[in-house]
1. As a test of the formula, what do you get for the chain when each DSSP H run with n ≥ 4 contributes -39,500 (n - 2.57) and the sum is divided by the residue count, at 222 nm and rounded to the nearest 500 deg cm²/dmol?
2. Using Cβ contacts closer than 10 Å as the measure, can you line up Val148, Val23, Val55, Val134 from fewest to most?
3. Report, ordered by chain and residue number, the lysines lying within cross-link reach of Lys62, taken as a straight Cα distance under 17 Å and ignoring same-chain residues fewer than 8 apart.
4. Going by how many other beta carbons lie within 10 Å of each one, how would you line up Thr141, Thr76, Thr108, fewest first?
5. Which number do you get for Rg(Cα) / (2.2 N^0.38 Å) in the chain?
6. If I take every Cα pair under 8 Å that is 6 or more residues apart in the range 1-144, average their sequence separation and divide by the length, what percent do I get for the relative contact order?
7. What residue among Val55, Val144, Asn40 has its Cα farthest toward the positive end of the dipole of the range 2-162, where the charges are +1 on Lys, Arg and -1 on Asp, Glu, each on the Cβ?
8. When only DSSP loop residues count, what GluC sites (Glu not before Pro) in the range 1-109 have their Cβ near at most 15 other Cβ atoms within 10 Å?
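Here, each number is a calculation from the coordinates, and none is a lab measurement. In this text the structure is predicted, and so the values were computed from the model without any measurement. Cβ atoms come from the backbone with ideal geometry, glycine included; neighbour counts cover every protein chain shown.
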Amino acid sequence: MLNGQENSRFNYIDSFVQAAFQVIEMMVNSEIEVNDPFFNHDPLHKYEVIIFITVRGDVEGKVFAGMDEKTAQNLTASLLNMDDTPALDKMGRSAISEFTNVIIGNATTLLSEAGYNCLISPPAFLIMSGEAPVVLQGLETTLVIPLVTEFGEMEINIALQKNA
């Protein structure tokens, strides 16, 4: 998936990209455009909304979806079949977290199929305002897969490494 190349060294990264594609197309029926991947050297100060998970096992680290609040609201409206753009209240946060949980579930299956034994945490929804939460501090660089949807731009940030 990354630049259309099959590369077994990066199939653990590709698992998250494939899962995001599958779930976005299935749950919100939106076409997705993928821009060129890049390294983000300040991932915790770029986004207004972050939904992250922790990966443990054969591959370890963090993966998160980062977006602005408007994109999160637009995505929430689609997930909840609402005409108006809702606030990111408890229901909206729950909808986006469950959406992310489905992506994670699909990624876990793809990781398993690629031969990786991993445990993945439930998603955590954060509205960023200043200092990064303790659980994300120390995260300095991520590989970013930019996704453009009808709801806005969403970036999948991947900070994973294989265990020896």
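1. After summing the helix terms and dividing by residue count, I get -10500 deg cm²/dmol.
2. Details: Val148 15, Val23 19, Val55 25, Val134 7.
In increasing order of surrounding Cβ atoms, one gets Val134, Val148, Val23, Val55.
3. Lys46, Lys162
4. Thr141, Thr108, Thr76
5. 0.98
6. Once normalised by length, the contact order is 35 percent.
7. Positive-most Cα among the choices belongs to Val55.
8. On the way: sites: Glu6, Glu25, Glu31, Glu33, Glu48, Glu60, Glu69, Glu98; in loops: Glu6, Glu31, Glu48.
Sites meeting the loop and neighbour criteria: Glu6, Glu31.
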